[in-house]
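I have placed the structure first, in the form of structure tokens, so that the comments after it can refer back to it.
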């Protein structure tokens, strides 16, 4: 929600898509979520810039290997920085900017097959709660966008929104709580 409040064009586009998909029903449910491609792109882009665990759980190398010119001895503890991977300009155009559209016509997903995008780790070490977590973001976000228009309080401008983060163990969260004012939508 914070990234959409900062990037109002993404908020407007996601809101328009959610309202269009569910306008006939008059309420949001999971039955039409496969049509919410832009909302999913927003979630993917948010996870690219703000992975839930920026430093993945430590691994131990099973055998000696060379990586990028460095020799990694057997039994070396390795920590993967998912935050840096998600912002690597070799893989992402304009890597520091929020651009949900980059995921619309892309096969990149958080299923662990694309190593340039691993917010939930990869392959057999993948987070077992990934599907549950994504579902618990998708539905409330769709409900928020469907039923409410949003604005920042006290005349705050969208570009003034501070996106600083702090670490809490292996997890990360916004440093400052975001305050937004919901306005019941008249278009619903």
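Read-outs: derived from the displayed coordinates by stated rules, not from any lab. Treat the numbers as computed from the prediction; the structure is a model and nothing was measured. Here Cβ is always computed from backbone atoms with ideal geometry, including for glycine, and neighbour counts include all displayed protein chains.
Here segment 133-172 is scanned for amide nitrogen atoms under 20 Å from the site 7 Å beyond the Cα of residue 106 along Cα-to-Cβ, giving 134-135, 137-138. Given R0 = 25 Å, the distance between the Cβ atoms of residue 16 and residue 173 translates into a calculated FRET efficiency of 0.30. Against the main long axis of the alpha-carbon atoms of the chain, helix 130-147 sits at an angle near 20°.
Taking every alpha-carbon pair under 8 Å whose residues sit at least 6 apart, segment 86-188 reaches a relative contact order of 18 percent. Site pair residue 160 and residue 138 shows an inter-label distance of 3.7 nm when each label is modelled 7 Å from Cα along Cα→Cβ.
Sorting 42-54, 62-74 by average packing, meaning the other beta carbons within 10 Å per residue, from highest down gives 42-54, 62-74.
Using C-alpha pairs under 8 Å with a sequence gap of at least 6, the mean separation divided by the residue count of the chain gives a relative contact order of 25 percent.
Only one of the values [x] 1.02; [y] 1.15; [z] 1.07 was calculated from this structure for Rg/Rh (Cα atoms, Kirkwood Rh); name its label. The value matching this structure is [x].
In whole Å, what is the distance between the alpha-carbon centres of segment 146-188 and segment 38-83? After rounding, the separation between the Cα centres reads 28 Å. Computed over the chain, the per-residue total of -39500 (n - 2.57) for DSSP H runs of n ≥ 4 gives a 222 nm mean residue ellipticity of -9000 deg cm²/dmol, rounded to 500.
Specify the angular offset, from 0 to 90 degrees and rounded to the nearest 10, of the alpha carbon long axis of helix 37-49 from the longest principal axis of the alpha carbons in the chain. Taking Cα atoms only, the helix is inclined about 40 degrees.
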